[in-house]
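Novice: Handing you this structure, nothing more for now.
The values are calculated or read from the model by the stated rules, or taken from the named source; none is laboratory data. For clarity, every value in this text was computed on a predicted model and none was experimentally measured. Positions of Cβ are generated from backbone atoms using ideal geometry, with glycine treated the same way; all protein chains shown enter the neighbour counts.
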Amino acid sequence: MKLAVVGMGNAGSKVTDRLLEFEADTGRSLVSSVLAINSASVDLARLSYVPSENRLLLGQTNQKVKGHGAGGDPDLGATVTRADMAEIERAMDGIPVHEIDGFLVVAGLGGGTGSGGAPVLARRLGEIYDEPVFGLGIIPGTDEGGRASLNAARSLQSFADATDNLIAFDNDAWRGTTDSLSAGYERTNWELARRMVTLLAAGEMDGSRISETAMDSSDIRRTLATGGISTVAYSEAPIEESTREQRSLLGRFSMNGDAGQSEGELATKVHGLVRKAVQSRLTCPAEVASAERSLIVISGPPEELSRKGLERSRKWLEEVTGSAETMAGDDPRDGAQALSAVVLLSNVTDVPRIDALQQQAVTAQENIDEQAHDRESEIEELVTDERGDLDPIT
C-alpha cells in the first residue's frame, strides 16, 4: 500500500519516525507522505526521520498550551485540533491523493494531544477524502496509571468510530519487565514499525521482484474493510545455509526451485512460521477465532518462499477463525536475511485487554470524581473559620 501517514501527539509522532526509519533500512516503500503533529515543540524537535517542514505545532495561540503540550488532557487535545484544523488541512494540501491507497493516523491513546486529536483528525479526513482512513492506536500499560487508562478508553471509542479500521497495539503485552521506561518505548516502537511496514508495504513496486502470489494493496484494503479493531501477528526465522550458498552462485533457480531444500521442507517452514506467529504475541492480545477476516504475508528471499506453504497456512487459519475470508500472498525480498510471516486479524471482537481497560477506566473515573468531591470539602474546611465569624471579601 501507499499511505499518507500522520503521527498525532508524542507517541504517534515517534512511531511515525520509526516507520520511516524501518522503511529506509529495509528498502521498502509504504509512506507516500508524512506529517507529524503535536502540541509540544520540544517533542517535535526530537524526531529524526520526519522532515522539519513536515512537523506541525498545534495550539500556539491557546492559552493553556502555548507549545508546551496538552498536559494529558484529551479534551484540550481535541479542542486545539479542531481550532487548528484549517492549518492541518493546508499542511496536507500537497498530498498526491491520486497516488495513495489511504491514510494512516497514528496516536498514543493515553496522553492528551494524540488521544483527543486523532479521532477529530480521522473523522475530518473521512469527510474530505474518498480514500479509507485507518488508525493505529497505542494502548497505555496498566502501570501508566488510571488517568492514562481513562483517556485511552474514551479515545478508543471515538477513534474506532472515526476510522475505517483501527489497528491496536498494547504496551502491556510488549514492555519488558527489565526495560527502563525510555528503552521500553523505543523497543516497542521499533517492533510496531517492523510489523506495520512488513504488512502494509507488501506488493509495492520498490525494486523487489513480484511473484505470481504477491500480495496486493487491494487485498489489504479488503481485509481492513470490515471496520472495528484489528491486531497483527508476526514471526521470523533466519534463512537457511543453503540459501546463503545459493546466493553465491551465478545461476538462480526460480521460486520453489531451491536445490538445497525440497518443496516439502519449504512448505513446512512457511506453515510453521505462520502458526508460530498467530500463537505468539499479537500487537493486541485477542481471541483469534473472533476475527472476521484475516490475511497472511510471507516475506523473505524468493528461494525460501513456498506456494504450498502459503496454501496450507491459509487453510489452517480459515479453520482457526471459522471464516473463509482469508487471503495469503508473498513479498519476495532479494538479499533478505530472514523469512518472516505477518498475519492481520481484522475486526476481532473478543479482546480481553480492551475489556480490562474499560473496567480500569470506569474505576479511575469513579476515583477521580470521589477525590474531587472530597477535595472540595477539604478546601472549604481549610479556608472557612469554624464558627463563621469571618466575612469573606466580596
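Novice: Among the residues in the range 91-101, are any closer than 18 Å to Asp43 by Cβ and buried (at least 24 other Cβ atoms within 10 Å of the Cβ)?
Specialist: In the first step, residues of the range 91-101 are kept if they are closer than 18 Å to Asp43 by Cβ; the result is 91.
Narrowing the set further to residues that are buried (at least 24 other Cβ atoms within 10 Å of the Cβ) leaves none.
Within the range 91-101 (the criterion being closer than 18 Å to Asp43 by Cβ and buried (at least 24 other Cβ atoms within 10 Å of the Cβ)), the answer is no, since none of the residues qualifies.
Okay, residues lined up against (1) assigned by TED's automatic domain parsing to the domain that holds Arg187; (2) touching a strand residue (DSSP E or B) at 6+ places or on another chain (Cβ under 9 Å); (3) of a type in the set (Ser, Thr, Tyr); (4) surrounded by 21 or more Cβ atoms within 10 Å (Cβ to Cβ):
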site: Thr283; (1), (2), (3), (4): no, yes, yes, yes
site: Lys315; (1), (2), (3), (4): no, yes, no, no
site: Gln359; (1), (2), (3), (4): no, no, no, no
site: Arg375; (1), (2), (3), (4): no, no, no, no
site: Ile379; (1), (2), (3), (4): no, no, no, no
site: Ile393; (1), (2), (3), (4): no, no, no, no
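Novice: So Arg281 passes all but one of these: (1) at pLDDT below 90; (2) over 18 Å from the mean Cα position of the chain (by Cα). Which condition number does it fail?
Specialist: Among (1) at pLDDT below 90; (2) over 18 Å from the mean Cα position of the chain (by Cα), Arg281 violates only (2).
Novice: Evaluate the following for Arg387: is it loosely packed, with under 15 Cβ neighbours inside 10 Å and not acidic (Asp, Glu)?
Specialist: Values: loosely packed, with under 15 Cβ neighbours inside 10 Å: yes; not acidic (Asp, Glu): yes.
So Arg387 passes the test.
Novice: So for the range 290-304 (the condition being at pLDDT below 90, among the polar types (S, T, N, Q) and not assigned by TED's automatic domain parsing to the domain that holds Thr142), does at least one residue qualify?
Specialist: There is no residue in the range 290-304 that is at pLDDT below 90, among the polar types (S, T, N, Q) and not assigned by TED's automatic domain parsing to the domain that holds Thr142.
Novice: Does Leu310 satisfy the criteria of being within 17 Å of Ala286 (Cα to Cα) and either in a strand (DSSP E or B) or within 26 Å of the chain's Cα centre (by Cα) (or both)?
Specialist: No: the conditions fail for Leu310.
Novice: All but one of (1) in contact with a Ser or Thr (Cβ under 9 Å, 6 or more places away or on another chain); (2) in a helix (DSSP H, G or I); (3) over 28 Å from Leu156 (Cα atoms); (4) hydrophobic (A, V, I, L, M, F, W, C) hold for Leu390; state the number of the condition that does not hold.
Specialist: Here Leu390 clears every test but (2).
Novice: For the range 334-355, how many residues are surrounded by 12 or more Cβ atoms within 10 Å (Cβ to Cβ) and free of Cβ contacts under 8 Å to residues at least 60 places away in the same chain?
Specialist: Here the count works out to 0.
Novice: I'm told Gly111 meets every condition in (1) of a type outside the set (A, V, I, L, M); (2) part of a helix (DSSP H, G or I); (3) out of contact with any strand residue (DSSP E or B) (no Cβ under 7 Å at 6 or more places or on another chain) except one. Can you identify the failing condition by its number?
Specialist: The one condition Gly111 does not meet is (2).
Novice: OK, next. So, in the range 221-244, of the ones that are part of a helix (DSSP H, G or I) and at pLDDT 60 or above, which residue ends up farthest from the chain's Cα centre (by Cα)? Walk me through it before giving the result.
Specialist: As a first pass, look at the range 221-244 and keep what is part of a helix (DSSP H, G or I): 221-224, 241-244.
From the residues that got through so far, the ones that are at pLDDT 60 or above too are 221-224, 241-242.
Details: Arg221: 15, Arg222: 18, Thr223: 16, Leu224: 13, Glu241: 34, Ser242: 35 Å.
Here the answer is Ser242.
Novice: Next question. Counting only residues that are touching a strand residue (DSSP E or B) at 6+ places or on another chain (Cβ under 7 Å) and not in a helix (DSSP H, G or I), which one in the range 66-90 is surrounded by the fewest Cβ atoms within 10 Å (Cβ to Cβ)?
Specialist: His68
Novice: Does Thr16 satisfy being among the polar types (S, T, N, Q), within 20 Å of Pro132 (Cα to Cα) and either part of a loop (DSSP other than H, G, I, E, B) or at pLDDT 95 or above (or both)?
Specialist: Details: among the polar types (S, T, N, Q): yes; within 20 Å of Pro132 (Cα to Cα): yes; either part of a loop (DSSP other than H, G, I, E, B) or at pLDDT 95 or above (or both): yes.
Answer is yes for this residue.
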